[in-house]
Amino acid sequence: MLRLSKLTDYAVVVLIRLGEGDRVFPDRVQTSPGLSAGTGLPEPTVAKVLKFLASAGLVASQRGARGGYRLMRPLATISVADVIIAVDGPIALTACVDGSTAGCEVSSVCAVKGRWDLVNDTIQHALAAITLADMRTASVPRAFRIPAAAPLLSRAAE
């Protein structure tokens, strides 16, 4: 089963909350305790997530009495893939895909060695196509929309 870590899920929640604050007060920073109260997440968890996001350059921290955090980019330019990479590292479904840091004990005799790259790349591209703005509005990105089917004729029209 492919599953995101809880910290990645929380990071999306925190970033969207930061984005909501930016819409109301564009130049104002938000504190870790304030984000905790606004998201319902424990403050130590929010602080940990913010550390990952700051290290990845998705948020900036401001020290001091009026300190806090702010987004470095609008939500429309931050993809789900960006968040996953910031918190969990490179997206790698198996130990043998490009970019994976894990090793595989059977790579010398594996019948599908190198073939997972196609699947991994497809998932990476899909996650890169979904922005946090899409997540905020719960909209489906254009690339993933299924065209509406032609209306069915009613029996009366036959």
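The values are calculated or read from the model by the stated rules, or taken from the named source; none is laboratory data. The shown structure was predicted, so the numbers you read here are calculated from the model rather than taken from an experiment. So basically every Cβ, Gly included, is an ideal-geometry build from the backbone, and we count neighbours across all protein chains shown.
Brief remarks on what is shown
- Test: residue in region 40-51 that is within 12 Å of Val14 (Cα to Cα) and in contact (Cβ under 8 Å) with a residue 40 or more places away in the chain: yes
- For Ile91, the stated conditions do not hold, so it cannot be described as under 26 Å from Ile123 (Cβ atoms) and in contact with a Lys or Arg (Cβ under 6 Å, 6 or more places away or on another chain).
- From the options Ala81, Ala86, Ala76, residue that is assigned to a helix (DSSP H, G or I), touching a residue at least 24 places away in the same chain (Cβ under 8 Å), of a type in the set (Gly, Ala, Ser) and crowded, with 20+ Cβ neighbours inside 10 Å: Ala86
- Any chance Thr45 is in a loop (DSSP other than H, G, I, E, B) and either crowded, with 17+ Cβ neighbours inside 10 Å or of a type in the set (Ser, Thr, Tyr) (or both): no
- Residues of region 1-29 satisfying the condition of being more than 14 Å from Val49 (Cα to Cα) and touching a Gly at 6+ places or on another chain (Cβ under 9 Å): Glu20, Gly21, Arg28, Val29
- Applying the criterion of being in a loop (DSSP other than H, G, I, E, B) and among the charged types (D, E, K, R) to the residues of region 92-136, the residue that is modelled with the lowest pLDDT is Asp98.
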